[in-house]
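Report on one structure; see the data block that follows.
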Number of protein chains: 2
Amino acid sequence: MKKLINAPEHVVKEALAGMADAHPDLITVHYDPDFIVRADSPIKGKVGVISGGGSGHEPMHGGFVGKGMLDAACPGAVFTSPVPDQMLAATKAVDGGKGVLHIVKNYTGDLMNFEMAAELAAAEGIEVATVVTNDDVAVKDSTWTAGRRGVGVTVLLEKIAGAAAEAGADLAEVKRIAEKVNAQGRSMGAALTSCTIPHVGRPSFELPDDEIEIGVGIHGEPGRRRIKMVGAAEITALLTEPILEDLPFSGGDRVLAFVNGLGGTPLIELYVVYNELAKILKGRGITISRTLIGSYITSLDMAGCSITLLKLDAELTKLWDAPVHTPALRWGV
Amino acid sequence: MKKLINAPEHVVKEALAGMADAHPDLITVHYDPDFIVRADSPIKGKVGVISGGGSGHEPMHGGFVGKGMLDAACPGAVFTSPVPDQMLAATKAVDGGKGVLHIVKNYTGDLMNFEMAAELAAAEGIEVATVVTNDDVAVKDSTWTAGRRGVGVTVLLEKIAGAAAEAGADLAEVKRIAEKVNAQGRSMGAALTSCTIPHVGRPSFELPDDEIEIGVGIHGEPGRRRIKMVGAAEITALLTEPILEDLPFSGGDRVLAFVNGLGGTPLIELYVVYNELAKILKGRGITISRTLIGSYITSLDMAGCSITLLKLDAELTKLWDAPVHTPALRWGV
């Protein structure tokens, strides 16, 4: 294993320290329990929006803390749910008196620990609502989930729900919008290589030199099937068709097209995939009205990509376009 | 070789087509000769700023075309200089009557072809000035260069010179500022793995599983030496010390610290490196006043990073902070 790290057990804390030093205008990092909050938290009268999950998916979630997106993020160890103490501390830190939304990716550990934190927060008088993302169409149940996994839609949801909260929406309204994003978005990914967890030191799964995994999860969970390596056009079609059929998306729809790198794939390849995706959607009469292309929800050093499509209407488009200023996403400010 | 591509010989054109489709508000792509221009080019009365070089370093340079940065970029084949026809066509396309600055990384082919394009443009009555970046302190001469290679400083220079041109500076002034950035910036990189050029299909060089290359170039050119794999703290020190000694940087300096991924390295590792860099600079009394952390000048799928430090003064800081809106860098708008 060759990684730019020191002791594997210190990766998360050291990356957090780097983030804190690099972005003091945007975020503050608290330790033990670990969480990242907006430097200007809590904001009185604003709904707090928090998320969290295992580390190894950077910039998600800590890179999305800031104006117009998350108020706090709780990083667990690599591929390991954060503990309820983290979410409780973050919830209290961002509570501005209007309640707090928990954005939870559908994995068993995350669900359980966020639920416990929500109960503890409620016991302290903080109103908490929860939205669970489960946008991965690849498999019905998976290694770490009952039901579909939460993947790329989480990034879009954090931006859009964060914008709603920033604009002054109340907790019920922020939750409604968040649920709408999850309902209107679908994703699927493909792995060209495994990832390597630092404290394990060897690839999480074996993938022969001429095979790829279609429908992989962001922790390297098995997908739909392994196939012999094929070109970008075919891989893109294998990811896009199930997404389109599932919602379904249809002619006349306007979508946000999100082509995401899994950590070890360079941008030039993501644009090749995007080009194939655009051709497929054009052929179906679907209009791409917004795009996001880059590595925003990753799986350590895994080579591969995921595709997320989100059906846009005027409300979601306006919230997507609203100003955001975080370490990883910024516009309008 | 597993990459998200179709035929290797079509990678660059297909990625360009993807960029054109994804960012029609920002850029327009012309083919044969290939170049990317700002959608609102030419801008009358504004100095044009263009760059170019071999592909495989994305988002550089095409991802930096837009308001406040480049007016055009000329992509060659992977790791191959663009030809003079491209730079000539781009120069003519962005000429607003105030002249055009060519930003050229110091590689023999780029220098020669940009020089020829400048002569052809001059013959057509367009005033052209040229700045050459040569910030890589690793080696004096290299495989493809006489003198030092141009690397990370190029990204910062394109932003800062682009801001000066956007603000209305004349050609001599934009050139002066660009030369100042090159003079005040230094870089060095380390490879954990080789990259693989699509049409070659095998790694460009052999690097054993337990060795890294200190001082590598962005095409995989040899650096200072190979060493056994060590931790992020030691790698960061091995890159930073030569940078600090070379300019030199000293206590009291304010710098922009740029930690760059080479294409196959995830963000969590870049923050671990940044954390080490921040400790080293703090120990020297050097203040990090601006940061850029991410993959902005890459070497296809190479795992590794580079560090660039740029000494900032009030003039450069103001130009760095100025609004920019390109596919890869955006703020203030």
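The values are calculated or read from the model by the stated rules, or taken from the named source; none is laboratory data. Predicted model only: the values in this text are computed from it and were never measured. Heads up, the Cβs are rebuilt from the backbone with ideal geometry, glycines too, and the neighbour counts pull from every protein chain shown. Surface accessibility is based on the protein's heavy atoms, side chains included, excluding ligands, DNA and RNA. Shrake-Rupley method; radii C 1.70, N 1.55, O 1.52, S 1.80 Å.
Every helix of 4 or more DSSP H residues in chain B counts as -39500 (n - 2.57), and over all residues that averages to -10500 deg cm²/dmol at 222 nm. Structural descriptor for chain A: relative contact order 18 percent, calculated from alpha carbon pairs under 8 angstrom and at least 6 residues apart. Each Cα pair under 8 Å and six or more residues apart adds its separation to the average, and for the range B:225-281 the resulting relative contact order is 49 percent. Which of the aspartates and glutamates could a cross-linker bridge to residue A:311, judged by Cα under 14 Å and excluding same-chain residues fewer than eight apart? Candidates past the 8-residue exclusion: A:135, A:179, A:245, A:246, A:253. Taking both sides together, the accessible area buried where B meets A is about 4400 Å² for a 1.4 Å probe.
Which pairs, out of A:282/B:2; B:105/B:180; B:92/B:159, put more than 18 Å between their alpha-carbon atoms?
On the way: A:282/B:2 27 Å; B:105/B:180 15 Å; B:92/B:159 21 Å.
Those over the limit are A:282/B:2; B:92/B:159.
Full extension of the segment from residue B:241 to residue B:39, taken as 0.36 nm per residue of separation minus the current Cα-Cα distance, would add 68.5 nm. Taken along the Cα-to-beta-carbon direction at a fixed 7 Å, the label points for residue A:10 and residue B:130 span 4.7 nm. Springs join every pair of Cα atoms under 10 Å in this Gaussian network model of chain B, and among B:92, B:180, B:44 the largest mean-square fluctuation is at B:44.
Ascending distances from the residue A:234 label point to its copies in the other chains, with the point 7 Å along the Cα-to-beta-carbon line: 4.4 nm. Here residue A:46 is the anchor, and the aspartates and glutamates within straight C-alpha reach of less than 13 Å, apart from those fewer than 8 places off in the same chain, are A:71, A:95, A:127, A:166, A:170, A:173. Label the range A:11-183 by shape, choosing from rounded, prolate and oblate, from the square roots a ≥ b ≥ c of the eigenvalues of the Cα gyration tensor; if a/c is under 1.5 it is rounded, and otherwise prolate applies when a/b is larger than b/c, oblate when it is not. Because its axes are fairly even, with a/c under 1.5, the range A:11-183 counts as rounded.
3J(HN,Hα) along the range A:100-110, derived from phi through the Karplus expression 6.51 cos²θ - 1.76 cosθ + 1.60 where θ = phi - 60°, amounts to 9, 9, 9, 9, 10, 6, 6, 9, 4, x, 4 Hz, with x in place of Gly and Pro. Between residue B:317 and residue B:112, residue separation times 0.36 nm minus the direct Cα-Cα distance comes to 70.6 nm. How many angstrom lie between the Cα centre of the range B:131-194 and the Cα centre of the range A:138-201? If you average the Cα positions of each part, the centres end up 39 Å apart.
Below 8 Å between Cα atoms, with a sequence gap of 6+, how large is the relative contact order for the range A:187-280 in percent?
It comes to 23 percent, rounded to a whole number.
Most tightly packed first, judged by the mean number of other beta-carbon atoms within 10 Å of their residues, the peptides B:32-42, A:126-136 read A:126-136, B:32-42. Sorted shortest first, the separations between the residue A:279 label point and its copies elsewhere in the assembly read 4.9 nm; each point sits 7 Å from Cα along the Cα-to-Cβ line.
Using a label point 7 Å beyond Cα on the Cα-Cβ vector, give me the inter-copy distances for residue B:97 in nanometres, one decimal, shortest first. Its label point is 5.8 nm from the equivalent points in the other copies. For chain B, set up a Gaussian network in which alpha carbons nearer than 10 Å are linked by springs, and say which option among B:61, B:30, B:102 fluctuates the most. In the Gaussian network model the winner is B:30. Shape class for chain B, computed from the alpha carbon gyration tensor (a ≥ b ≥ c): oblate, with a/c not under 1.5 and a/b at or below b/c.
Computed over protein heavy atoms with a 1.4 Å probe, the carbon and sulfur contribution to the accessible area of the protein assembly as shown reaches 53%. Of all chain A residues, the closest to the A-onto-B rotation axis by Cβ, with that distance in whole Å, is A:264, 2.
Straight-distance candidates among the aspartates and glutamates for linking to residue A:13, with alpha-carbon spacing under 19 Å and chain neighbours fewer than 8 residues away dropped: A:21, A:32, A:34, A:58, A:85, A:301, B:234, B:269, B:276.
Once a ≥ b ≥ c are taken as the square roots of the eigenvalues of the Cα gyration tensor of the range A:185-322, is the result rounded (a/c under 1.5), prolate (a/b larger than b/c) or oblate (a/b not larger than b/c)?
Judged from the Cα gyration tensor, the range A:185-322 comes out prolate (a/c at least 1.5, a/b above b/c).
In this rough spin-label picture, where each label sits 7 Å from Cα along the Cβ direction, the residue B:179-residue A:176 distance is 6.3 nm.
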